[in-house]
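Accompanying notes for the structure given below.
Throughout, read-outs are computed from the coordinates displayed, never taken from laboratory work. This one's a predicted model, so the numbers in the text were calculated from it and none came from an experiment. Quick reminder, even Gly has a Cβ in these numbers, built from the backbone with ideal geometry, and neighbours come from all protein chains shown.
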Amino acid sequence: MPKASEIKRGHVVEINGSLYIANQVDVKSPSARGAATLYKIRFNQVPGGRKHEETYVGDDILKNVQLERRKVSYLYKEDDLYTFMDQEDYSQYSINGETIEAQLPYLMDGMEGIVALLVDGNLITVELPGTVVMEIMETVPGMKAASATGRTKSARFATGLELQVPEYLESGEKVKINTETGKFLSRA
């Protein structure tokens, strides 16, 4: 049973009979003498995605969940089910698209480096790598006499993702994208 002070992003706990994954942890240290450090944790319910926020003192105990992490690769989509294959024993896991809605814009056919979170052999969610490399499918042409300022333009990718990229990039170029913030990082 972990203490609230030990909870990190991606940790899965049980609250009121439901599974929640820690999405963001804010630590606040009150300035008054003897005041305990507070941990404000934002959770997302898995499956389901419902948000839950709670504040704990460092010594509060949370109920841990036996969680298995497996490396998987994305195989295919059928209706609203997304199927992933275990890279060690080749078993397949399917999950509803609503459950992994935030990850869908970054999910590409054959993508590897994905971690599946399993509870009792059932896939509850997936974790994508921190960065992905994607090819720009459509963007407006850049200006040849562009200034040195950091102007951006909208770019569309094969998965339907749209984000702002520097003005000098063209269609067909590959770029690195941060999957946590959804922002452009660099050329690939």
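Measuring nothing but how far apart in sequence close Cα pairs (under 8 Å, 6+ apart) lie, relative to its length, the chain scores a relative contact order of 14 percent.
Among the chymotrypsin sites (Phe, Trp or Tyr not before Pro) in region 68-116, those located in a DSSP loop and surrounded by at most 14 other Cβ atoms within 10 Å of their own Cβ are Tyr90.
Here the chain is scanned for trypsin sites (Lys or Arg not before Pro) in DSSP loops (not H, G, I, E, B) that have at most 11 other Cβ atoms within 10 Å, and the longest stretch holding none of them is 51-143.
The residues packed around Met85, meaning those with a beta-carbon under 13 Å from its beta-carbon, carry a net charge of -3 if Lys and Arg are +1 and Asp and Glu are -1.
Under the convention that each Lys and Arg Cβ holds +1 and each Asp and Glu Cβ holds -1, the size of the dipole of region 62-109 around its Cα centre is about 300 debye.
For the residues Ser154, Ser73, Ser31, a GNM of the chain with alpha-carbon springs under 10 Å puts the largest fluctuation on Ser31.
Taking 31 Å as the cut-off for C-alpha to C-alpha distance, list the pairs among Lys8/Lys153; Lys3/Lys51; Lys40/Lys183; Lys51/Lys183; Lys77/Lys183; Lys8/Lys176 that go past it.
On the way: Lys8/Lys153 35 Å; Lys3/Lys51 21 Å; Lys40/Lys183 25 Å; Lys51/Lys183 23 Å; Lys77/Lys183 25 Å; Lys8/Lys176 25 Å.
In this structure, Lys8/Lys153 lie more than 31 Å apart at Cα.
Using the Cβ-Cβ distance between Glu68 and Asp109 with R0 set to 25 Å, the FRET efficiency from 1/(1 + (r/R0)^6) comes to roughly 0.50. For Lys71, the aspartates and glutamates whose Cα falls under 18 Å of its own Cα, not counting residues fewer than eight places away in the same chain, are Asp86, Glu88, Asp89, Asp109, Glu112, Asp120, Glu127.
If the only charges are +1 at each Lys and Arg Cβ and -1 at each Asp and Glu Cβ, what is the size of the charge dipole of region 93-188 around the Cα centre, to the nearest 20 debye? Don't skip to the answer; put the middle values down first.
Working: 8 positive and 13 negative charges, 124 e Å.
Roughly 600 debye, rounded to the nearest 20.
Which shape class, rounded, prolate or oblate, goes with region 131-187 when its Cα gyration tensor gives a ≥ b ≥ c as root eigenvalues, a/c under 1.5 marks rounded, and past that a/b bigger than b/c marks prolate? Intermediate results must be reported in sequence, preceding the final value.
Working: a/c = 2.09, a/b = 1.49, b/c = 1.40.
Verdict is prolate for region 131-187.
Measuring spread by the Cα atoms of the chain yields a radius of gyration and Dmax of 20.1, 62 Å.
How big is the charge dipole of the chain about its Cα centre, in debye rounded to the nearest 20, if each Lys and Arg gets +1 on its Cβ and each Asp and Glu gets -1 on its Cβ? Working shown, then result.
Values: 22 positive and 27 negative charges, 204 e Å.
That gives a dipole near 980 debye.
A simple count of charges around Leu118, restricted to other residues whose Cβ falls under 11 Å of its Cβ and scoring Lys, Arg +1 and Asp, Glu -1, yields -1.
Here Lys63 is the anchor, and the aspartates and glutamates within straight C-alpha reach of less than 15 Å, apart from those fewer than 8 places off in the same chain, are Glu6, Glu14, Glu54.
Using the Cβ atoms and a cut-off under 14 Å, what net charge is assigned to the surroundings of Ala155, where Lys and Arg are +1 and Asp and Glu are -1?
On the way: positive: Arg151, Lys153, Arg156, Lys174, Lys176, Lys183, Arg187; negative: Glu135, Glu138, Glu162, Glu167, Glu170, Glu173.
Summing Lys and Arg as +1 and Asp and Glu as -1 gives +1.
When you filter the GluC sites (Glu not before Pro) in region 1-106 for DSSP loop state and at most 11 other Cβ atoms inside 10 Å of their Cβ, you are left with Glu88, Glu98, Glu101.
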